[in-house]
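Down below is the structure, laid out as structure tokens.
The values are calculated or read from the model by the stated rules, or taken from the named source; none is laboratory data. As the structure is a computational prediction, the values presented were derived from the model and not from experiment. Positions of Cβ are backbone-derived with ideal geometry, glycine not excepted, and every protein chain shown enters the neighbour counts.
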Amino acid sequence: MCITMYNEDEKELQNTLRGCLHNYNCMKKAASTNFTKDDFLVVAICDGYDNIPESLKTLAREKGFLDEEMLFQKGYMDLNRDNQFKMKNIRDVMEPDVPIEKVPSNLLHCF
């Protein structure tokens with residue numbers, strides 16, 4: 001199941017996840033299927049780190065699906081002057097010998 005998000009807050013995501021869980025339970029109970037937990041995957045896709053509301057970032061940190069410290073350690077984030085995490089520019093995380101015309105306009109981060 002893929003959840004696409006732009007600027008939803010934590011309550012909207014929680015409601016969507018409740019719906020996913022309900023669907024999972026329905027599929028698991030269906031006598032016509034051999035559905036197991038290994039047959040179910042939920043992926044949340046956010047349109048950019050900067051667009052995620054702070055309340056959703058807080059929830060994601062608490063639930064363990066956003067680890068900015070790990071992204072910082074791996075070189076994908078920096079700290080700004082206010083000591084807050086900021087995603088690096090795509091050019092800054094690529095190999096330096098990649099020609100500018102080969103630099104993609106988007107980068108996918110999976111949390």
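I'm trying to understand the selection: among the residues of the stretch 35-50, which are assigned to a helix (DSSP H, G or I) and either among the hydrophobic types (A, V, I, L, M, F, W, C) or under 15 Å from Gln84 (Cβ atoms) (or both)?
Tyr49, Asp50
Within the stretch 56-69, work out how many residues are exposed (fewer than 15 other Cβ atoms within 10 Å of the Cβ) and either in contact with a strand residue (DSSP E or B) (Cβ under 9 Å, 6 or more places away or on another chain) or farther than 16 Å from Lys86 by Cα (or both).
So the answer is 5.
Please give the number of the condition Phe72 fails out of (1) out of contact with any helix residue (DSSP H, G or I) (no Cβ under 7 Å at 6 or more places or on another chain); (2) surrounded by 15 or more Cβ atoms within 10 Å (Cβ to Cβ); (3) not assigned by TED's automatic domain parsing to the domain that holds Val93.
Every condition holds for Phe72 apart from (3).
Checking the conditions here, which among Tyr76, Tyr49, Tyr6 is touching a residue at least 60 places away in the same chain (Cβ under 8 Å), within 23 Å of Ser105 (Cβ to Cβ) and not aliphatic (A, V, I, L, M)?
Being touching a residue at least 60 places away in the same chain (Cβ under 8 Å), within 23 Å of Ser105 (Cβ to Cβ) and not aliphatic (A, V, I, L, M) holds for just one of Tyr76, Tyr49, Tyr6, which is Tyr49.
Residues to consider are Met70, Met27; find the one that is assigned to a helix (DSSP H, G or I) and over 30 Å from Glu95 (Cβ atoms).
Met27
Being within 20 Å of Leu13 (Cβ to Cβ) and among the hydrophobic types (A, V, I, L, M, F, W, C) is the filter here; which residues of the stretch 57-97 pass it?
Residues satisfying the conditions are Leu59, Ala60, Phe65, Leu66, Leu71, Phe85, Met87.
Would you check which residues across the stretch 18-43 are surrounded by 12 or more Cβ atoms within 10 Å (Cβ to Cβ) and modelled with pLDDT under 85 and list them?
Phe35 - this is the single residue of the stretch 18-43 that is surrounded by 12 or more Cβ atoms within 10 Å (Cβ to Cβ) and modelled with pLDDT under 85.
Scan the stretch 78-92 residue by residue and report those that are in contact with a strand residue (DSSP E or B) (Cβ under 7 Å, 6 or more places away or on another chain) and either at pLDDT below 90 or closer than 13 Å to Gly48 by Cβ (or both).
Lys86, Met87, Lys88
Out of (1) under 14 Å from Glu8 (Cβ atoms); (2) touching a helix residue (DSSP H, G or I) at 6+ places or on another chain (Cβ under 6 Å), what's the single condition that is false for Val42?
All conditions pass for Val42, except number (1).
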